[in-house]
Amino acid sequence: MRRCFAMGNRAVANIVLVTLAAIPSAAANSQAPTRVPEEPPNAISAEVRGDLAMARQQYLAAIEAYQDAPRDSAEIWNKLGLAYHHLFAMDQAKRDYQQALRLRPNYPEALNNLGAVYYAKGSFHKAEKYYRRALRLAPQSPSILSNLGTAYFAERKPNAGINAYRAAIALDPRIFEDTSPQLISESFPARERAQQDYCLAKLFAQAGQFDRAIDYLRKALNEGFSDRKEILHDQELASLRSTPQFAQLMSEQKLQ
């Protein structure tokens, strides 16, 4: 297996996404419509205001709201850390995650998020330590598994990384798609992302998910993966190479 090194990072967020109930409109008649009084700003809790701001990616507003909430809650400190994390204020995020853990030492989301801070700082061994602690408390979390796999790759432990990724995909086949506002993504050079996406293409090919394997292989190629021999002879892509989608992709990329 090709050694697929170093990669992007995703950290679990602990956001409660709140939806507001629609206010029914007044019945249509000859009289003036009934005016629905607006709720005062303090009609909802500070935590819910913060959650709404996080859902809208208004991180400074979220911080202001969470700071008005009671400070005896590990959840509030974790959410504060998350808001700072999105703003790349890693030292403040770290302090808030640590405070959450003082209040609740066995809090998997805060442990995971603290691991993400260490990963962003390049302390991959410490990141692995916190991801592993989080995983012991939440063994069925695909996000924690994917983060642990990324830390393994960064530490040059490719086999452990692939195994963690495989377990994450088994729990959530869409875990590596950055579509959720609850996920934090780090930016890395395109070549490193290309290696990661090539590994993911192989994992999905082995799982028989050929459409997704093609998607990740296309990403890898677009990001600079150019080892034609590897693509055409890698045994882990053997089943994928027999598909029409693979032939079409190779034709598009002029790799046949």
Restricting to the stretch 191-224, and then to whatever is touching a Leu at 6+ places or on another chain (Cβ under 7 Å) and of a type outside the set (S, T, Y), can you tell me which residue is nearest to F246 (Cα to Cα)?
I214
Given the structure, is I169 under 23 Å from Q195 (Cβ atoms) and either in a helix (DSSP H, G or I) or within 15 Å of the chain's Cα centre (by Cα) (or both)?
yes
Which number in (1) part of a loop (DSSP other than H, G, I, E, B); (2) surrounded by 18 or more Cβ atoms within 10 Å (Cβ to Cβ) marks the one condition that A205 misses?
(1)
In the set A160, A116, which member is in a helix (DSSP H, G or I) and free of Cβ contacts under 8 Å to residues at least 40 places away in the same chain?
A160
For the stretch 46-60, name all the residues that are out of contact with any His (no Cβ under 6 Å at 6 or more places or on another chain), part of a helix (DSSP H, G or I) and either closer than 17 Å to W77 by Cβ or without any contact (Cβ under 8 Å) to a residue 12 or more places away in the chain (or both).
A46, E47, V48, R49, G50, D51, A53, M54
For the subset of the stretch 73-105 comprising residues that are of a type in the set (S, T, N, Q) and assigned to a helix (DSSP H, G or I), which member is surrounded by the fewest Cβ atoms within 10 Å (Cβ to Cβ)?
Q98
Identify the single condition in (1) buried (at least 19 other Cβ atoms within 10 Å of the Cβ); (2) modelled with pLDDT under 90; (3) touching a Pro at 6+ places or on another chain (Cβ under 9 Å); (4) of a type outside the set (K, R) that A168 does not satisfy, given that it satisfies every other one.
(2)
Would you confirm whether any residue within the stretch 90-113 is aromatic (F, W, Y) and modelled with pLDDT under 90?
no
Go over the candidates L240, L255, L232 one by one and state the one that is surrounded by 20 or more Cβ atoms within 10 Å (Cβ to Cβ) and either more than 19 Å from E192 (Cα to Cα) or at pLDDT 90 or above (or both).
L240
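The values are calculated or read from the model by the stated rules, or taken from the named source; none is laboratory data. Since the structure is predicted, the reported quantities are computational estimates derived from the model, not experimental observations. Quick reminder, even Gly has a Cβ in these numbers, built from the backbone with ideal geometry, and neighbours come from all protein chains shown.
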